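Readers should treat all values here as calculations from the given coordinates under stated rules, not as data from a laboratory. Bear in mind the structure is a predicted one, so any value in this text is a computation, not a measurement.
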Amino acid sequence: MRYLIVTFLAIIMVSCNGEQSLQEYYVDHKENNDFVMLDVPANLILPNSNTMPEAQREILKTIKKVNILALPLNSETQALYQPETEKVMSILKRDDYEELMSFGKPSQRMRFYINGEEDAIDEVIVFAQDDKKGFLLARVLGDDMNVAEMVKLTQNISKEDGSFDTAQFEGVMDIFKNN
C-alpha cells in the first residue's frame, strides 16, 4: 500500500510542473484591476463583415468565441508592461502553440499563434503589443478553423510599412483609450 501511495504522489508531482498555462494566466488576471478582460463577438474584432468578400465571411463563421485580456498602459501599469509581456511570450513558447505569423516593428508588434491541426484549428492566439498603449491578448476559439484562411484574413490588417492597422480593431482598441 505504501508503494502505491508513493508512486501516486510521484506521478502527481511529475505531472504538475508548476508552469502556468495560457488559460491559467487569463484566470489569474481576471480579477486584477490593472487588466481589462472581455468576451466579445468576432465582428467587433475583425473588419466589418458586410464589406468583406464572401470567402472571408465564411472564415468568420468558424469563429465561436473570443476572449480578450488587455493591459492598457498608464502611469500605474507602466512597471507591469515588460514583465507581463515576457510572461505571455514564455507561455506561448512553452505551450502547444505554433507561431503562424508576426509583423510590425519592435515598438508595435502583432503575433499570431495556432493550436490544433492545420485544417482544423482549435484556437488562434493574437498577441498585439504597443509600447505606448499596452498589450492585448486574444484567444479566438472556433470549430475547424483553417490556417490558410486565417492567414488571408490577417493580411487585411497589415500595412505596407510593417505596422498593423489599428483602425481594423477600433472597437477593441477603445479599451486603451479609457484608461
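Start at zero, step by 5 Å, and the Cα-Cα distances of the range 98-139 spread as 6, 24, 28, 20, 12, 7, 3, 0 percent across the bins. A straight Cα-to-Cα reach below 18 Å connects Lys105 with the aspartates and glutamates Glu86, Asp130, Asp131, Glu160, Asp161, Asp165, residues fewer than 8 places away in its own chain not being considered. Multiplying the residue separation of Ala148 and Tyr26 by 0.36 nm and removing their Cα-Cα distance gives an extension gain of 41.2 nm.
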